[in-house]
Amino acid sequence: MTFAPPEPFDPPPAETRLWCFAARRGNEVICEGVAAALGLAPAFRPMRPRPVFAAMAPWGPVDPKDRPAPPWPDICFGSGRIAAPYLRHVKRASGGRTFAVFLQSPGGGRSDFDLVWAPAHDMISGPNVVTTVLSPHPITQARLAAARAAPKAALAALATPRAAFVLGGDSRRHRFTGADIEALAQAARGALSQGWSVMATASRRTPAALVEALRRELAAAGPGRAAFDAGDGATPYADILAMADAILVTADSVNMMGEAAATGAPVHVYEPSGRSRKTTALLDALVAQGSARRWRGTFEDFRPEPADATAQIAAAVARGYRAHRERLGVDSSA
């Protein structure tokens, strides 16, 4: 299995209006990545369905008290189960003029949308479906290069080599047990003892016990050897990825694994307790491609190529939107 290289494409006109309906932060990241690759600024629209309408998604109607209103966008993204009724509503209410793109599997009704992107592990297909192994994200090569060219002071001060610890958290399929927390704390201790500086970043789902365990390890490292992203802008997530000579990422998130793989640094994946078919499928693909290795207790020396499907997905959206404008009789170069 190989990852397709970025493909050139003509982006939509700069004045193109893009709305996004995203159920969770992970869905927002997917939308942000494709929008950035298209050169568009997304307008995220709130969704506040009452419980009965949220429970009927993706098949049910939009809550009448939460219906979006015109003027309708040129392109609309939806991502996450509860976003499907909103995207379907905009498509219909606009008289079909809005180009409707669902990012991830909508769970049904794929023919209601102009284009569907889904990760390969969702195993869906159709004439309007595009699939890739990796998910889209906003960690572009340009963004990484800019972070390396003007590094944050707190990260530039760290001795090399630098290891990034990218921590996820509990999910429907994974749980970070006491044994997992100790294993990750031991990984930090081991890296520090082997001469690595450690840069750690946590997600909203990271258990407090894991955050505290890593903070204790890094606090004992001494000056110039460790940094923890505190959300204050001193050590942002993207900058940590950019400055990493190696990465340890947890396997509970396909987004985080894909973002790590985009850096070109050696990616090591720690698998917490539990099992998910989707995250395991992605990890297996990354390992087969040579983009990542399962964590075996130490950082290994290998040199992967950056792996990223965001441009490939954006190209499919741009081509689809151009064809859509031509069907509407709109000058596609305008």
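The values are calculated or read from the model by the stated rules, or taken from the named source; none is laboratory data. Values in this document were obtained by computation on a predicted structure and should not be read as measured data. Every residue, glycine as well, gets a Cβ built from its backbone with ideal geometry; the counts of neighbours run over all protein chains shown. The area values use the complete protein model at the heavy-atom level, side chains included, leaving out ligands, DNA and RNA. Shrake-Rupley method; radii C 1.70, N 1.55, O 1.52, S 1.80 Å.
General observations
- Peptides 158-164, 86-92, 181-187 ranked from most to least packed give 86-92, 158-164, 181-187, packing being the mean of other C-beta atoms within 10 angstrom over each peptide's residues.
- Potential lengthening between ARG97 and ALA234 on full extension [0.36 nm per residue; Cα-Cα distance subtracted]: 45.0 nm
- Calculated from backbone phi, Karplus (6.51, -1.76, 1.60) coupling profile of segment 307-312 in Hz, x at Gly/Pro: 10, 7, 9, 4, 5, 4
- Gyration tensor verdict on segment 228-315 (Cα atoms; rounded if a/c is under 1.5, prolate if a/b is larger than b/c, oblate otherwise): rounded
- Placing a label point 7 Å from the Cα of TRP72 along the Cα-to-Cβ line, the residues of segment 99-122 whose backbone N sits under 13 Å from it are 99-101, 113-114.
- Take the Cα of VAL330, step 7 Å toward its Cβ, do the same at ALA156, and the gap between the two points is 4.4 nm.
- Under 5 Å between amide hydrogens, built in the peptide plane, is the criterion, and for ALA292 it picks out VAL287 among residues at least 5 positions away or on other chains.
- Degrees, to the nearest 10: 277-289 long Cα axis against longest axis of the chain: 70
- Anisotropy class of segment 163-215 from Cα gyration tensor, a/c 1.5 cut: prolate
- Extension gain, ALA179 back to ALA323 (0.36 nm per residue minus Cα-Cα distance, nm): 46.5 nm
- Intensity falloff of segment 157-266 expressed as log10 I(q)/I(0), Debye formula with alpha-carbon point scatterers, at q = 0.20, 0.23 Å⁻¹: -1.06, -1.42
- Cross-link partners of LYS91 among lysines, defined as those whose alpha carbon lies under 23 angstrom from its own and excluding same-chain residues fewer than eight positions apart: LYS65.
- The average projected area of segment 89-129, computed from the convex hull of its Cα atoms over all directions, is 2.7 nm².
- Taken about its Cα centre, segment 199-334 carries a charge dipole of about 460 debye when Lys and Arg each add +1 at the Cβ and Asp and Glu each add -1 at the Cβ.
- Using the average count of surrounding beta-carbon atoms within 10 Å as a protection proxy, the listed peptides 294-307, 9-22 rank, highest first, as 9-22, 294-307.
- Prolate/oblate/rounded call for segment 122-177, Cα gyration tensor, a/c under 1.5 rounded: oblate
- Protein heavy-atom accessible surface, 1.4 Å probe, per residue over the chain: 44 Å².
- Dipole magnitude of the chain, debye to nearest 20 (Cβ charges: Lys/Arg +1, Asp/Glu -1, about Cα centre): 880
- Share of carbon and sulfur in the accessible heavy-atom surface of the chain [1.4 Å probe, %]: 52
- Equivalent ellipsoid, the chain (semi-axes from 5 times Cα gyration tensor eigenvalues, Å): 37, 21, 18
- Theoretical ellipticity at 222 nm over the chain - DSSP helices of four or more residues, -39500 (n - 2.57) apiece, nearest 500: -10500 deg cm²/dmol
- Couplings 3J(HN,Hα) of segment 241-255, computed from phi: 4, 5, 8, 7, 8, 7, 10, 10, 10, 7, 8, 7, 10, 5, 4 Hz, in residue order, whole Hz [Karplus 6.51 cos²θ - 1.76 cosθ + 1.60, θ = phi - 60°; x for Gly and Pro].
- Relative packing of 282-292, 318-328, which averages over residues the other C-beta atoms within 10 Å, highest first: 282-292, 318-328
- Helix axis angle, 178-193 relative to the chain longest principal axis, alpha carbon, degrees: 60
- Highest GNM mean-square fluctuation among ALA179, ALA213, ALA262, for the chain modelled with Cα contacts below 10 Å: ALA179.
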